[in-house]
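K.L.:
Have a look at this one.
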Amino acid sequence: MPTLEWIDKNKVVNHHQEVPFRVLERQYSFDEHGQHTENNDSENMVIHGDNLEALKALLPQYEGKAISLS
């Protein structure tokens, strides 16, 4: 099977291990009345930021859970 090789490939392949975990903090919620600061207990999230940092922040919440693609 062919593989791609380039200078410093190991640095790129293992980059995710160098990115620190961050804690997601709820700042506001939305409902049919708009934005507010109270928690509406929704499981939906909009995350602003770097994709890799966002995915690492979600790991503790979803690690080991099955994914439904339907």
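The values are calculated or read from the model by the stated rules, or taken from the named source; none is laboratory data. Remember, it's a predicted structure, so these values are computed and weren't measured experimentally. FYI the Cβ positions are ideal-geometry reconstructions off the backbone, even for glycines, and counts take in every protein chain you see. For accessibility, only protein heavy atoms count, side chains too; no ligands or nucleic acids. Shrake-Rupley method; radii C 1.70, N 1.55, O 1.52, S 1.80 Å.
K.L.:
Under 16 Å from the Cα of Lys56, which aspartates and glutamates turn up, not counting those fewer than eight places away in the same chain?
P.N.:
Glu18, Glu25
K.L.:
Please compute the per residue accessible area over the chain with all protein chains in place, 1.4 Å probe, rounded to a whole number of Å².
P.N.:
Result: 99 Å² of accessible area for each residue.
K.L.:
Whenever you get a sec, compute what percent of the accessible area on the chain sits on carbon and sulfur atoms (1.4 Å probe).
P.N.:
The computed percentage sits at 54.
K.L.:
As an exercise, identify the GluC sites (Glu not before Pro) in the chain lying in DSSP coil whose Cβ has no more than 13 other Cβ atoms within 10 Å.
P.N.:
Loop-located and lightly packed - Glu5, Glu18, Glu25, Glu32, Glu38, Glu43, Glu63.
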